[in-house]
Amino acid sequence: MIMNGKRIAAIALCLQCIMLSRCIHYTRTDRMRTTMRVSILENAQTVMITGIIGATYCTDKKISAQDKFPVLVKGKHNTVIVNNKTYHGNLELLNVNNAIRVINIVDMEDYLKGVVPCEIGRISPALAEAAKAQAVAARTYACAHIDQYASLGFDLYSTIRDQVYRDMSVETELTNQAIDETKGEILSYQGRPIEAKYHSTCGGQTADFNDAWPGTPPPYLQSVRCTYCETSPHFTWEKRYEAGDFYAGLRMKLKEIGSAIPDSEYIKNISLIRNKRSKRILRVEITTKVRTYTIPGYQVRALFGDKNDPGDLLKSNYVMLGVKDGKIVLWGHGFGHGVGMCQFGAIEMSRQGKTYKEILQHYYTGVKLTRMR
Ligand SMILES: [Zn+2]
């Protein structure tokens, strides 16, 4: 990256340049503001910063957890460098429990430039409509989560906890163009930005909201048929276990999710009760000689996941359980929570000539495409 290539000596005066007060102002109550605050680094003891601190342009200035905070860094030509990574916008550094948190204060459209390529992956110009659908979904998600962590001083994590956001090195011409061509567009329901959930692969049928989370389901996040993601490497999968390993792992996971079964209780049967529409598991009933334990569907991925799965979560809760060749087998479909837009499906719809509006309307039931105000 050109911004990383040239290094000049740090300017000694920088030590005096750490601003001691006043955060960069933003209005917490304006739900449609267009500047996002994204936590891009946490729990750091030191961080190297290039940008304008106070009135001085500093290059690779070392900030340590012992310095005074907050530290505000203004971008030169709207760019800052954090540990050799270049970002749009400005920074605010906070001290949290004797460690540094770096918050990138970035225009919504610039934020999306670091999100869309991470979330949709590398795609060809023929699949531009999928990139545009991803841009609108990611913009909508961000709008709906403004002030999500207001007490911590930011809106979004830069990980799968919210949306994956990286520095400018991930940007591509194609994804930047998709963002530009949908500038300001979001999905709304009854005048508010929707919870624009999306996932890698649904496996043939997307999930209902409650298949993944408890609570009141938004009417636009309901299961729909998806005939587009069969080419995904995650469309079907299976996992095999020796019976002893499976039950030992199951008991350990039951403990972790707060539904421990005493070791003295022999497990006689495991029943999977399904959501007829989405085919996901509504609840798991584990019967011992003493009683039946019920685990809700939204805990299935944690219940059957193991250390070989990303985040210790089973790839999806669209799964069957059985025995084959003396092994216990989980046969599954899809990857992710399954709610909202199926990304592999969106790519295939784009390949088949569907527009980004058609893609979004397929996966989000009854929503409107509107503009941020
Ligand atoms: Zn799908």
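Can you find, within segment 144-165, the residue that is most open to solvent (accessible area, probe 1.4 Å) among those that are touching a strand residue (DSSP E or B) at 6+ places or on another chain (Cβ under 8 Å) and free of Cβ contacts under 8 Å to residues at least 60 places away in the same chain?
Checking each candidate, the answer is Q148.
For residues that are among the acidic types (D, E) and outside any helix (DSSP H, G or I), scanning just segment 233-257, find the one that is farthest from the ligand (Cβ to nearest atom).
Here the answer is E242.
Of the conditions (1) in a loop (DSSP other than H, G, I, E, B); (2) more than 16 Å from the ligand (Cβ to nearest atom); (3) outside the structural domain of Q299 (by TED's automatic domain parsing), A260 clears all except one; give me its number.
Status for A260: all satisfied but (3).
How many residues are part of a loop (DSSP other than H, G, I, E, B), open to solvent by 20 Å² or more (accessible area, probe 1.4 Å) and either at positive phi or free of Cβ contacts under 8 Å to residues at least 12 places away in the same chain (or both) when one looks only at segment 309-338?
2
In segment 145-162, how many are assigned to a helix (DSSP H, G or I) and of a type outside the set (A, V, I, L, M, F, W, C)?
Adding up the residues that qualify gives 1.
Got a sec? Which of A128, A133, A142 is outside any strand (DSSP E or B) and farther than 19 Å from I194 by Cα?
Residue meeting the stated conditions: A128.
Assuming G203 fulfils every condition listed in (1) assigned to a loop (DSSP other than H, G, I, E, B); (2) crowded, with 19+ Cβ neighbours inside 10 Å; (3) more than 16 Å from the ligand (Cβ to nearest atom); (4) of a type outside the set (A, V, I, L, M) apart from one, which condition is it?
Checking G203 against (1) assigned to a loop (DSSP other than H, G, I, E, B); (2) crowded, with 19+ Cβ neighbours inside 10 Å; (3) more than 16 Å from the ligand (Cβ to nearest atom); (4) of a type outside the set (A, V, I, L, M), the one that fails is (3).
Could you check segment 263-280 and list, in sequence order, the residues that are in a strand (DSSP E or B) and in contact (Cβ under 8 Å) with a residue 40 or more places away in the chain?
I270, L272
Among the residues of segment 339-371, which ones are surrounded by fewer than 24 Cβ atoms within 10 Å (Cβ to Cβ), in a loop (DSSP other than H, G, I, E, B) and in contact with a strand residue (DSSP E or B) (Cβ under 6 Å, 6 or more places away or on another chain)?
Within segment 339-371, V367 is the sole residue that qualifies.
Taking into account only those residues within segment 206-232 that are open to solvent by 70 Å² or more (accessible area, probe 1.4 Å) and within 13 Å of the ligand (Cβ to nearest atom), which is nearest to H337 (Cα to Cα)?
Per the criteria, the residue is R225.
For K279, work out the one condition from (1) under 23 Å from the mean Cα position of the chain (by Cα); (2) of a type outside the set (S, T, Y); (3) within 16 Å of the ligand (Cβ to nearest atom) it doesn't fulfil.
(1)
Quick check on my filter: what residues within segment 166-200 are closer than 25 Å to R33 by Cα and surrounded by 21 or more Cβ atoms within 10 Å (Cβ to Cβ)?
Of everything in segment 166-200, those that are closer than 25 Å to R33 by Cα and surrounded by 21 or more Cβ atoms within 10 Å (Cβ to Cβ) turn out to be D167, T175, A178, I179, T182, I186, L187, P193, I194, A196, K197, Y198.
Please give the strands (runs of 3 or more DSSP E) falling wholly within segment 34-114 in which 1 or more residues are surrounded by fewer than 20 Cβ atoms within 10 Å (Cβ to Cβ) and at pLDDT 95 or above.
Because the criterion is at least 1 residues that are surrounded by fewer than 20 Cβ atoms within 10 Å (Cβ to Cβ) and at pLDDT 95 or above, the strands (runs of 3 or more DSSP E) in segment 34-114 that meet it are 35-44, 46-53, 56-64, 79-82, 85-88, 90-96, 99-107.
Kindly indicate which of F304, F344 is touching a residue at least 12 places away in the same chain (Cβ under 8 Å), touching a Ser or Thr at 6+ places or on another chain (Cβ under 9 Å) and of a type outside the set (K, R).
F344
The values are calculated or read from the model by the stated rules, or taken from the named source; none is laboratory data. Since we're looking at a predicted model, the values are computed, not measured. Glycine gets a Cβ as well: all are built from the backbone with ideal geometry, and neighbour counts include every protein chain shown. With ligands, DNA and RNA removed, areas are computed over all heavy atoms of the protein, side chains included. Shrake-Rupley method; radii C 1.70, N 1.55, O 1.52, S 1.80 Å.
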